[in-house]
Amino acid sequence: MAATLTADVFEDDVAVSLARAIAAANKRARELGIDVLQSLITITQRSFNEGLFWRINYGPRDYVGRRGGDLIIEVDPDDARINQVLWGQ
């Protein structure tokens, strides 16, 4: 069922920041050969001396018995700039 977003949703700074970050990270993940739709995506907020970052992790949906290979992309919440790209081992 589709839901219509109301104006107050776009006033939620965290929601808008996260939407911009996931869009930027998905674009980079696709450029690096990741099938975003087939990935298990987890998002955490990380704090550093420079401020907060969204850390977006792309891993296999069937992760039991598997090790490594995740793609991790850190995105600045202010401007959706990608700060770091890491490959898990």
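The values are calculated or read from the model by the stated rules, or taken from the named source; none is laboratory data. Treat the numbers as computed from the prediction; the structure is a model and nothing was measured. Heads up, the Cβs are rebuilt from the backbone with ideal geometry, glycines too, and the neighbour counts pull from every protein chain shown.
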Query raised in the report: Quick check: anything in region 30-46 touching a Phe, Trp or Tyr at 6+ places or on another chain (Cβ under 9 Å), surrounded by 18 or more Cβ atoms within 10 Å (Cβ to Cβ) and not hydroxyl-bearing (Ser, Thr, Tyr)?
Result: yes
Query - Criterion: part of a helix (DSSP H, G or I) and either within 14 Å of the chain's Cα centre (by Cα) or at pLDDT below 90 (or both) - qualifying residue of Leu18, Leu52 - result: Leu18
Requested in this report: Output the number of residues of region 23-40 satisfying the condition of being without any contact (Cβ under 8 Å) to a residue 40 or more places away in the chain, in a helix (DSSP H, G or I) and out of contact with any Lys or Arg (no Cβ under 7 Å at 6 or more places or on another chain).
Outcome: 5
Query - Close pairs (6 angstrom Cβ cut-off, 6 or more residues apart or separate chains): under 30 Å from Ala80 (Cβ atoms) in region 54-69, at pLDDT 75 or above and assigned to a loop (DSSP other than H, G, I, E, B) anywhere - result: Trp54/Pro77; Asn57/Asp70; Tyr58/Ile34; Gly59/Asp70; Gly68/Gly88; Gly69/Gly88
Query raised in the report: Which is under 14 Å from the mean Cα position of the chain (by Cα) and within 18 Å of Asp79 (Cβ to Cβ), of Ala23, Ala29?
Result: Ala23
